[in-house]
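One structure is given here, and the rest of the page talks about it.
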Amino acid sequence: MSDQRPTKWTIAQHWDQDLTGREVFAPHLDIGNPCCFACGWFSERWTDGRSSRKAWERATLERAHIVPAGLDGPNAASNIILLCAPCHRESPDWDDPWEMAIWMSNRPERASKEMENVETWLRAVGDVPLFKVALREAATAGASAQGVVEVMRRYSRRAVVHAGELSQGTMTAVLRATARELLP
Ligand SMILES: [Zn+2]
């Protein structure tokens, strides 16, 4: 079965122009800055000087039916919203569109991809007290932050990356290896 759904850019434009519909089904929509309609999640790298059309097509957002195709929901932009993967996974598959509307209005906001990455690194640092010790010692010894980053980078490259992301567990391993190398 071929994919009959409109492009992400067509879907974004539809909701941008449907002023009443967007309040319900695209509360976070900003046509120049692609984001998940339900939680507002975005990445700074999607836009990056690109045209709006290119940015929406590049965004790792999924086309989600309001009324599922399997329940006779049409492949029209008016029945499709753009969601991040977790929102798509958790959104309702139901024949009454209001179920989706209610679900969206209760959806908590999510930080940007870049902020989430920083938060994950901070949690990983919390898991490795040795890294904090190593960092303090390195600072006392007059080492540059860049030097520490170089060591972290070397260990990061050794890690297996899932979907372009280091998991928190991998970050923990990188920090521990870095700490061991830095400490005398
Ligand atoms: Zn989302």
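The values are calculated or read from the model by the stated rules, or taken from the named source; none is laboratory data. Because the structure is predicted, anything quoted here is derived from the model rather than measured. All Cβ positions, even for glycine, are placed from backbone atoms using ideal geometry, and neighbour counts span all protein chains on display. Accessible surface areas use protein heavy atoms only, side chains included; no ligands, DNA or RNA. Shrake-Rupley method; radii C 1.70, N 1.55, O 1.52, S 1.80 Å.
Being open to solvent by 60 Å² or more (accessible area, probe 1.4 Å) and assigned to a helix (DSSP H, G or I) is the filter here, so list the residues in region 11-37 that pass it.
Within region 11-37, Gln13, Gln17, Leu19, Thr20, Glu23 meet the criteria.
Name every residue in region 160-184 that is assigned to a helix (DSSP H, G or I), farther than 12 Å from Thr120 by Cβ and open to solvent by 30 Å² or more (accessible area, probe 1.4 Å), in order of residue number.
Of everything in region 160-184, those that are assigned to a helix (DSSP H, G or I), farther than 12 Å from Thr120 by Cβ and open to solvent by 30 Å² or more (accessible area, probe 1.4 Å) turn out to be Ala173, Arg176, Arg180, Glu181, Leu182.
Report yes if Glu90 is within 10 Å of the ligand (Cβ to nearest atom), among the charged types (D, E, K, R), free of Cβ contacts under 8 Å to residues at least 60 places away in the same chain and farther than 19 Å from Arg22 by Cα, otherwise no.
Against the criterion (within 10 Å of the ligand (Cβ to nearest atom), among the charged types (D, E, K, R), free of Cβ contacts under 8 Å to residues at least 60 places away in the same chain and farther than 19 Å from Arg22 by Cα), Glu90 qualifies.
Any idea which of Gly126, Gly40 is more than 20 Å from Arg5 (Cβ to Cβ) and in a loop (DSSP other than H, G, I, E, B)?
None of the other options fit; the residue is Gly40.
Which one is farthest from Leu61 (Cα to Cα), of the residues in region 109-162 that are small (Gly, Ala, Ser) and within 16 Å of the ligand (Cβ to nearest atom)?
The selected residue is Ala111.
Residue check: is Glu114 of a type in the set (Asp, Glu), open to solvent by 40 Å² or more (accessible area, probe 1.4 Å) and in a helix (DSSP H, G or I)?
yes
Checking Gly147 against (1) at pLDDT 95 or above; (2) out of contact with any strand residue (DSSP E or B) (no Cβ under 7 Å at 6 or more places or on another chain); (3) not hydrophobic (A, V, I, L, M, F, W, C), which test does it fail?
(1)
If you go through region 125-141 one residue at a time, do you hit one that is β-branched (Val, Ile, Thr), over 20 Å from the mean Cα position of the chain (by Cα) and open to solvent by less than 40 Å² (accessible area, probe 1.4 Å)?
Yes, region 125-141 contains at least one residue that is β-branched (Val, Ile, Thr), over 20 Å from the mean Cα position of the chain (by Cα) and open to solvent by less than 40 Å² (accessible area, probe 1.4 Å).
Return the residues of region 14-44 that are free of Cβ contacts under 8 Å to residues at least 60 places away in the same chain and farther than 18 Å from Met100 by Cα; say none if nothing qualifies.
Asp16, Gln17, Asp30, Ile31, Gly32, Asn33, Pro34
When you scan region 52-68, do you find a residue that is open to solvent by 10 Å² or more (accessible area, probe 1.4 Å), more than 16 Å from the ligand (Cβ to nearest atom), in a helix (DSSP H, G or I) and in contact (Cβ under 8 Å) with a residue 60 or more places away in the chain, even just one?
No, every residue in region 52-68 fails to be open to solvent by 10 Å² or more (accessible area, probe 1.4 Å), more than 16 Å from the ligand (Cβ to nearest atom), in a helix (DSSP H, G or I) and in contact (Cβ under 8 Å) with a residue 60 or more places away in the chain.
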